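The values are calculated or read from the model by the stated rules, or taken from the named source; none is laboratory data. Everything numeric in this text was worked out from a predicted model, so none of it was measured. No Cβ is skipped: glycine too gets one built from the backbone with ideal geometry, and neighbour counts run over all protein chains shown. The accessibility values were calculated without ligands, DNA or RNA, using every heavy atom of the protein model including side chains. Shrake-Rupley method; radii C 1.70, N 1.55, O 1.52, S 1.80 Å.
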Amino acid sequence: MKIDVLLFTQTMASLLKSSLNLQEALEICSEIYGNKSDKKFCKELSLAVNNGNLLNMALEKYEKEFSPLYLSLVKIGENSGTLTQVFEKLSEYLKAKKEIKEKIIQCLIYPIVVLVTAILIVFIIMFYVLPRIQGIFEAFSDNANDILLSITKVKANLTFAGIMLLSLVFGSLIFYLCYKKSRRGNEKRFAILVDKIILKFPFIGENITISQITDFSFAMKLLTSAYFPFTESMRLAQHVCTNLEIKKSVRNVLEKINQGKFIAESFEEEKSFPSYLITWVKVAEKSGKTEEVFTQIYEYYSNETSNTISKLVVSAEPVFILITGLIIISIIFQFVIPIFKMMGTL
């Protein structure tokens, strides 16, 4: 069952803020949703809560859609009577994540269109244009053998480029499937190695780290504000880290703290964490103001993420215009110029 988690969270935040109780809010959700899956989901939750179950227990049935952090925060909200605030904060967080994804997708639409267009042009030239030109030169030229040889070279170049492109796409697909299989399995060495290598890429790795620290600091901010112990907060917050290398680093820090090491020292020993995070963790350890520190960390990295996305959006168009130009120049050298040379022999 596909569930719109953001829509559900936003709706629950609004309804609970309107002084409705949980049961009433769930019943209204099941009535106002147009999507059958969302409607069925809310009806099942409403029935479970009406039968005396807690909301977090009812949500555990849909653990594929709702992260451990989400479930933990809902549980905290129910136990502390702050469920409305929890839904509001989760709504803000999920909305910000969705906006970032949408901006990235918008940046990728243009290069995908360019790539597909270039592939179509290559196929049209190979299977439609060249065979007809070949027939024309065979009929009207005395130097048919030389012209056929030139056309064959052009076709060979285009064929090689097509094979290389298809090999790249196929190889990337196989690599991605192996990576996903490794992430889902018990043995995650391959996936961890890939995530570790990705973090070392100059631009990509830096921005993935920023995104991961943003999510982690948000989780820590919410959990520590609910008076969870620091180690328990870290245990729950690690689940928001999708990069397995960073998630492993968080787990290592947690183990070191449980063994009696200082918090800042434990973070500092892990190379995955940036210096800004480590500096503020030291402040948190000395001052004891964990919630305020992780709020500061979250705000800083949230702004960094927004700035990065803005720069990406601004720079994407000229970069891919340049790529389009290179593709056109390549086609001219591989196809147009040889054709003009062959026309000179007629």
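Structure notes:
- Output for region 49-61, where each listed residue is out of contact with any Lys or Arg (no Cβ under 6 Å at 6 or more places or on another chain) and open to solvent by less than 20 Å² (accessible area, probe 1.4 Å): Leu55, Ala58, Leu59
- Test: residue in region 19-29 that is assigned to a helix (DSSP H, G or I), open to solvent by 20 Å² or more (accessible area, probe 1.4 Å) and either aromatic (Phe, Trp, Tyr) or touching a residue at least 60 places away in the same chain (Cβ under 8 Å) (or both): yes
Listed here are the residues, each with its yes/no results for (1) closer than 24 Å to Phe228 by Cα; (2) in contact with a Leu (Cβ under 6 Å, 6 or more places away or on another chain); (3) at pLDDT 85 or above.
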site	(1), (2), (3)
Leu7	no, no, yes
Ala25	no, yes, yes
Gly34	no, no, no
Leu54	yes, no, yes
Ala58	yes, yes, yes
Thr82	yes, no, no
Ser91	yes, no, yes
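- Some residue of region 192-211 being open to solvent by 90 Å² or more (accessible area, probe 1.4 Å), among the charged types (D, E, K, R) and in contact (Cβ under 8 Å) with a residue 12 or more places away in the chain: yes
- Residue count for region 36-76, restricted to those that are of a type in the set (Gly, Ala, Ser) and over 28 Å from Phe218 (Cα atoms): 4
- Here Lys64 fulfils each of the conditions (1) among the basic types (Lys, Arg); (2) in contact with a helix residue (DSSP H, G or I) (Cβ under 9 Å, 6 or more places away or on another chain); (3) in a loop (DSSP other than H, G, I, E, B) apart from (2).
- Residues satisfying the stated conditions in region 1-18, i.e. part of a loop (DSSP other than H, G, I, E, B) and open to solvent by less than 60 Å² (accessible area, probe 1.4 Å): Ile3
- Beta carbons closer than 6 Å, at least 6 apart along the sequence or on distinct chains, pair a first residue in region 287-314 that is under 23 Å from Lys89 (Cβ atoms) and of a type in the set (A, V, I, L, M) with a second that is part of a helix (DSSP H, G or I) and open to solvent by 80 Å² or more (accessible area, probe 1.4 Å) for Ile309/Lys103.
- Residue that is surrounded by the most Cβ atoms within 10 Å (Cβ to Cβ), among those in region 262-285 that are over 24 Å from the mean Cα position of the chain (by Cα) and of a type in the set (A, V, I, L, M): Val281
- Among the residues of region 96-133, the ones that are surrounded by 13 or more Cβ atoms within 10 Å (Cβ to Cβ) and of a type in the set (Lys, Arg) come to 2 in all.
- Beta carbons closer than 6 Å, at least 6 apart along the sequence or on distinct chains, pair a first residue in region 108-123 that is modelled with pLDDT under 75 with a second that is assigned to a helix (DSSP H, G or I) for Tyr110/Phe320; Pro111/Phe320; Val114/Phe320; Val114/Thr324; Ala118/Ile327; Val122/Leu158; Val122/Gly162.
- When residues of region 242-257 are limited to those that are under 19 Å from the mean Cα position of the chain (by Cα) and aliphatic (A, V, I, L, M), the one surrounded by the most Cβ atoms within 10 Å (Cβ to Cβ): Ile246
- Residue in region 220-239 that is out of contact with any Gly (no Cβ under 6 Å at 6 or more places or on another chain), crowded, with 18+ Cβ neighbours inside 10 Å, closer than 30 Å to Leu326 by Cβ and not small (Gly, Ala, Ser) present: no
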